[in-house]
Amino acid sequence: MKRRTLIKGLAATLPSLWLSRALGNSFFEDQLLNEPIANGPFKPTWESLQNYKTPEWFRDAKFGIWAHWGPQCQPEAGDWYARNMYQEGSPQYKFHLEKYGHPSKFGFKDVINKWRAENWDPEALVSLYKSAGAQYFMALANHHDNFDLYDSKYQKYWNSTKIGPKKDLIGGWAKAARNNGLPFGVSVHASHAWRWYEVAQRSDKAGPYQGIPYDGKLTKASGKGKWWDGLDPQELYAQNHPLSKNSLDDNFDVEQWNWSNGVCPPSNAYIDKFYNRTIELINKYNPDVVYFDDDRLPLWPASDAGLRIAAHLYNKSIKEHGDLRVVLNGKKLNEKQRKAMVWDIERGQANQIQPLPWQTDTCIGGWHYDRALYERDGYKSAKTIIQTLVDIVSKNGNLMLNIPVRGDGTIDEKERKIVEDIGRWMKANSESIFATRPWKIFGEGPAQEAATHLSEQGFNEGKGKEFTYEDIRFATKDGILYATAMGWPEDGKLIIKSLAKNSKYLTKEIQKIEWLPTKQSLNFERNESGLRISLPEKTSDDLTYANAVKIFS
């Protein structure tokens, strides 16, 4: 009994990886972790997880749509609202003062309480996304704001069934996805709340509220007579710890995202709570995809919690289906780690064909809904999305596209138009996308020749040359080669240099070429300078930003 008391005392302060190594994983898990986990061939080590193999359904899918939607969408003032509203002088701080009041009196917990999601219709939205060609759908389960969007017994009160919408949002999204025959994914971001919310411990440096603390250190005792009477804000903010190094700097230290460079070490209680919340999410909603907004895995290397979650996810799939049908996404993976899960590149894409399947995650606007972006027509066009998709597919990747959802649970008419335009192109050309595989080369053209460097995490999106009709991308399926030109040549003659008569890539004779949208045969000439294809008469400019032909040899 004394040993158990000692362990619980240590657990409140020490990261679980250190404690588990000291006391032994089996005893530690038996005593401190509550959620049932699946046994199986995968162990919570990088070496064991490298036996993972990406399921074919994901490789075939190519295109998914994401609802990155939570209480930070309620103000409709952009991404990272729950952090930036506590940064004195920032645009979102100023917005917050005007709309809600000072963060010492009205903090993010109070924003959550205002959120109702009153017009949310998951069935209608997911049906729209399916009609646009989405082959899987993903929903935000929690963000860095630490608020669970599902019925969570470990985040007992700070979840969407108890506060705000008072609805099981993940349950609703999951039902809608499965009603539409789409694999369902969840994105999990809450491991970072510990460091991310440190701004809520601040106070203004000037003005009438100078020195008055924001609400980040409030406790349950402070809620008497308020709407949150009986609730503990620390279960949301998780700020009962000292500030990390350079915490007063508004620019988030990216090295601290990786739990290094002077970050205040997360407590064992914090780690175990995150672990149990995530295991419960997996057990209750059975996602086909779990996306972690983390370098490698959550809380690594301060804790092995992410490794244990990954092993459980894989073992659960094998136990229930007899094989691996699940996908786990993580960022900044080295070559060995890319064997253990599917590498995700945020707002960017690979410059070459990758040996293993990967994914880009991006958005038509900001991650959380931003009304100002809508008003200035700042969304990406359907043209940009389709060209990005074609390029990614040629390099063995998938595209996960976020359509920002308003606070009330709807999308605006400009977003809907973009989704519908994507759907029109997909209806005519999806054969060149779904279930394809990379060819011998991904393509040719000036855009790739001027491609920008891919950073470790991504963020090379939109930094290179714009695509033109000279930029060609290839994919293959069932022995057929698909070539897609990123534009329409003025004379209607498409030239593909890589497929010249003396090409080392295509040595067979070309038997026939079809225009993919209509299946009509096209005239072509193949000589030493390239393959010259006569495109059909151009009828409109609507869909000619990506023009696919089907090559039989």
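Going residue by residue through the range 337-347, is there one that turns out to be on the phi > 0 side of the Ramachandran plot, at pLDDT below 95 and under 16 Å from the mean Cα position of the chain (by Cα)?
Within the range 337-347, the subset on the phi > 0 side of the Ramachandran plot is 347.
Next cut, at pLDDT below 95 only: 347.
Filter once more, so that each one left must be under 16 Å from the mean Cα position of the chain (by Cα): 347.
Yes, some residue in the range 337-347 is on the phi > 0 side of the Ramachandran plot, at pLDDT below 95 and under 16 Å from the mean Cα position of the chain (by Cα).
Please find, among N351, N315, N329, N276, the residue that is surrounded by fewer than 23 Cβ atoms within 10 Å (Cβ to Cβ) and either without any contact (Cβ under 8 Å) to a residue 12 or more places away in the chain or touching an Asp or Glu at 6+ places or on another chain (Cβ under 7 Å) (or both).
On the way: N351 fails: either without any contact (Cβ under 8 Å) to a residue 12 or more places away in the chain or touching an Asp or Glu at 6+ places or on another chain (Cβ under 7 Å) (or both); N315 fails: either without any contact (Cβ under 8 Å) to a residue 12 or more places away in the chain or touching an Asp or Glu at 6+ places or on another chain (Cβ under 7 Å) (or both); N329 fails: surrounded by fewer than 23 Cβ atoms within 10 Å (Cβ to Cβ).
None of the other options fit; the residue is N276.
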With among the hydroxyl-bearing types (S, T, Y), touching a Ser or Thr at 6+ places or on another chain (Cβ under 6 Å) and within 24 Å of D361 (Cβ to Cβ) as the only criterion, which of Y291, Y275 stands out?
Y291
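Given the options N283, N268, name the one that is at pLDDT 95 or above and either crowded, with 20+ Cβ neighbours inside 10 Å or among the charged types (D, E, K, R) (or both).
On inspection, the qualifying residue turns out to be N268.
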Which listed residue, of Q256, Q239, is buried (at least 19 other Cβ atoms within 10 Å of the Cβ), touching a Ser or Thr at 6+ places or on another chain (Cβ under 9 Å) and not assigned by TED's automatic domain parsing to the domain that holds S317:
Q256
Do any residues in the range 215-226 that are closer than 20 Å to S203 by Cα have Cβ atoms under 9 Å from those of residues that are surrounded by 15 or more Cβ atoms within 10 Å (Cβ to Cβ) and of a type in the set (V, I, T), where the two are at least six apart or on different chains, and which pairs are they?
G216/V199
Exactly one condition in (1) at pLDDT below 95; (2) in contact with a Pro (Cβ under 8 Å, 6 or more places away or on another chain) is not met by Y469; state its number.
(1)
Restricting to the range 142-185, give me the number of residues that are surrounded by fewer than 24 Cβ atoms within 10 Å (Cβ to Cβ) and of a type in the set (V, I, T).
2
Would you check if there is a residue in the range 82-96 being at pLDDT 55 or above, in the same structural domain as D370 (by TED's automatic domain parsing) and in contact with a Gly (Cβ under 7 Å, 6 or more places away or on another chain)?
no
Please specify each residue of the range 104-133 satisfying the condition of being out of contact with any strand residue (DSSP E or B) (no Cβ under 9 Å at 6 or more places or on another chain), crowded, with 21+ Cβ neighbours inside 10 Å and assigned to a loop (DSSP other than H, G, I, E, B).
G107, W115, A117, W120
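Restrict the check to the range 270-287 and report whether at least one residue is of a type in the set (D, E) and in the same structural domain as Y154 (by TED's automatic domain parsing). Reasoning before the result, please.
Restricting attention to the range 270-287, the residues satisfying the condition of being of a type in the set (D, E) are 272, 280.
Next, only the ones that are in the same structural domain as Y154 (by TED's automatic domain parsing) stay: 272, 280.
Taking every residue of the range 270-287 in turn, at least one turns out to be of a type in the set (D, E) and in the same structural domain as Y154 (by TED's automatic domain parsing).
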Exactly one of T436, T384 is among the hydroxyl-bearing types (S, T, Y) and either surrounded by fewer than 18 Cβ atoms within 10 Å (Cβ to Cβ) or more than 20 Å from the chain's Cα centre (by Cα) (or both), and that one is T436
Quick check, is Y505 at pLDDT below 95 and either closer than 13 Å to N429 by Cα or touching a Ser or Thr at 6+ places or on another chain (Cβ under 7 Å) (or both)?
no
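Only one residue in D249, D253 is under 28 Å from the mean Cα position of the chain (by Cα) and closer than 28 Å to D272 by Cα, so which one is that? Please lay out each step first, then the result.
Working: D249 fails: closer than 28 Å to D272 by Cα.
On inspection, the qualifying residue turns out to be D253.
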Please give the number of the condition L243 fails out of (1) in contact with a Cys (Cβ under 8 Å, 6 or more places away or on another chain); (2) among the hydrophobic types (A, V, I, L, M, F, W, C); (3) within 26 Å of N329 (Cα to Cα).
(3)
Sort out which residues of the range 146-196 are among the β-branched types (V, I, T) and under 19 Å from D293 (Cβ atoms), and write them in order of number.
I170, V186, V188
Of L299, L324, which residue is out of contact with any strand residue (DSSP E or B) (no Cβ under 9 Å at 6 or more places or on another chain), part of a loop (DSSP other than H, G, I, E, B) and under 21 Å from L149 (Cβ atoms)?
L299
Got at least one residue in the range 75-97 being assigned to a helix (DSSP H, G or I), under 28 Å from I422 (Cβ atoms) and either without any contact (Cβ under 8 Å) to a residue 40 or more places away in the chain or out of contact with any Pro (no Cβ under 8 Å at 6 or more places or on another chain) (or both)?
no
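Could you list, in sequence order, the residues of the range 348-361 that are at pLDDT below 95 and over 15 Å from N402 (Cβ atoms)? Explain how you work it out, then say what you get.
First pass over the range 348-361, keeping only residues at pLDDT below 95: 348-352.
Residues satisfying the conditions are Q349, A350, N351, Q352.
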Test result for L481, surrounded by 19 or more Cβ atoms within 10 Å (Cβ to Cβ), within 34 Å of the chain's Cα centre (by Cα), of a type in the set (A, V, I, L, M) and closer than 19 Å to F442 by Cα:
yes
Within the range 485-508, which residues are in contact with a strand residue (DSSP E or B) (Cβ under 6 Å, 6 or more places away or on another chain) and either loosely packed, with under 13 Cβ neighbours inside 10 Å or of a type in the set (V, I, T) (or both)?
I495, I496
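The values are calculated or read from the model by the stated rules, or taken from the named source; none is laboratory data. Quick caveat, the model's predicted, so the values are computed rather than measured. Please note: Cβ atoms are built from the backbone with ideal geometry, for glycine as well, and neighbour counts cover all protein chains shown.
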